[in-house]
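Taking it in order: structure first as structure tokens, then the write-up.
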Amino acid sequence: MPWRLPDNKTTVFTTDEPMMLTFNVDDLSTNGLIHPFKDDMVKPTIGATHMVKDVNSDDTIGLLTEMPVGITGVSYIATFYRIQAADVNKRVRIGSIKTDKMSYYHTFGHTDKYLLFPDFPVNFNMERLIAGDPMESNFINDTTKNIKFHVMDISDGTFKTFEADHYGFIMHTGNTYMDGDSMIVDFEMYVEAPVQPFSSLDFDYVNNPNRKGLAMGSRFRRYNIN
């Protein structure tokens, strides 16, 4: 995704990882990567492609997963951060959520007061990822587990966790807004086979001149989180 950072001059391409590729808007030439530096994030692994503009400021808000390695082994932390105009190379932590896996995600919800991390039961087969297998074959979908919604207060990084009663593979976030004490959020969710959206990128399918229409199991679903 192309994105203009809050200094109003640095433009980047983003994808599902925490680094960003800077580019020139006039000729699309690239100018190097912006990495999460060691003084702001610890071993960042993946990140949300779709960053957002803070409703209350010009800051960019994003989400990435840190992977601290300690004496008790590997842990995973999903971290909301902001990028400010004064230093677009630095991520300022808003708050962090410990997870039981390196969760996959592509987007998140936000309002003027809250950030919403959809923690659905999908992660990666790291051995196959390192071996170079295609992305779609690296997903581990545990359809026996439910989606969790972590709602974070932007002002102090505190959060509450809510659990749905079903599985889902969430890609894009639609409307997110408050209605009294309830957060209303719309998601593009894969609930039918195929339960992930990347089958359409399979080269055997794309290069087949006799290919037929591909079933995409996505639906819009609206949630009311009190």
Protection-proxy order for peptides 49-56, 78-85, each taking the mean of Cβ atoms within 10 Å per residue, highest first = 78-85, 49-56
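Pull out the extension gain between VAL206 and LEU21, defined as 0.36 nm times the separation in residues minus the alpha carbon to alpha carbon distance; nm, one decimal.
Residue separation times 0.36 nm, minus the Cα-Cα distance, leaves 63.9 nm.
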Taking the Cα centre of the chain as origin, sum charge times position over the Cβ atoms of Lys and Arg (+1) and Asp and Glu (-1), and report the length of that vector in debye to the nearest 20.
-> 140
Specify which residue in the list VAL12, ALA86, THR111 is farthest towards the positive end of the charge dipole of segment 1-113, using unit charges on the beta carbon of Lys, Arg (+1) and Asp, Glu (-1), about the Cα centre.
-> THR111
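With every protein chain left in place, what is the accessible area per residue of the chain in square angstrom, probe 1.4 Å?
53
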How big is segment 38-100 by the Kirkwood estimate over distinct Cα pairs, in Å?
-> 12.4
Test item: Cα-centred dipole of segment 1-134, Lys/Arg +1 and Asp/Glu -1 on Cβ, debye = 280
As a check on your grasp of the helix formula, calculate [θ] at 222 nm for the chain: sum -39500 (n - 2.57) over DSSP H runs of n ≥ 4, divide by the residue count, round to the nearest 500.
-> -1000 deg cm²/dmol
Taking only the alpha-carbon positions of the chain as identical scatterers, the Debye log10 I(q)/I(0) at q = 0.11, 0.18 Å⁻¹ comes out as -0.60, -1.48
Could you give P(r) for segment 1-47, binned at 10 Å from zero, as whole percent values over all Cα-Cα pairs?
-> 26, 51, 21, 2
Once the piece of chain linking LEU33 and LYS145 is laid out straight, how much longer is it, given 0.36 nm per residue of separation minus the C-alpha distance between them?
-> 36.7 nm
Environment charge at THR176 (Cβ cut-off 14 Å; Lys +1, Arg +1, Asp -1, Glu -1) | -1
A 1.4 Å probe over the protein heavy atoms gives the chain a carbon and sulfur accessible-area percentage of 51
Please go through the residue pairs LYS43/LYS148; LYS9/LYS43; LYS90/LYS148; LYS38/LYS148; LYS38/LYS90; LYS113/LYS145 and name each one whose alpha carbons sit more than 19 Å apart in this structure.
-> LYS43/LYS148; LYS9/LYS43; LYS90/LYS148; LYS38/LYS148; LYS113/LYS145
Equivalent ellipsoid semi-axes - Cα gyration tensor, segment 91-202, angstrom | 27, 17, 13
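Given contacts defined as C-alpha pairs under 8 Å and at least six residues apart, what's the relative contact order of the chain, whole-number percent?
Once normalised by length, the contact order is 12 percent.
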proj_area_mean for segment 38-168 (convex hull on C-alpha atoms), units nm², value 9.1
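The values are calculated or read from the model by the stated rules, or taken from the named source; none is laboratory data. As the structure is a prediction and not an experimental result, all values here were calculated from the model. In this analysis, Cβ positions are derived from the backbone assuming ideal geometry, glycine residues included, and neighbour counts consider all displayed protein chains. Accessible surface areas use protein heavy atoms only, side chains included; no ligands, DNA or RNA. Shrake-Rupley method; radii C 1.70, N 1.55, O 1.52, S 1.80 Å.
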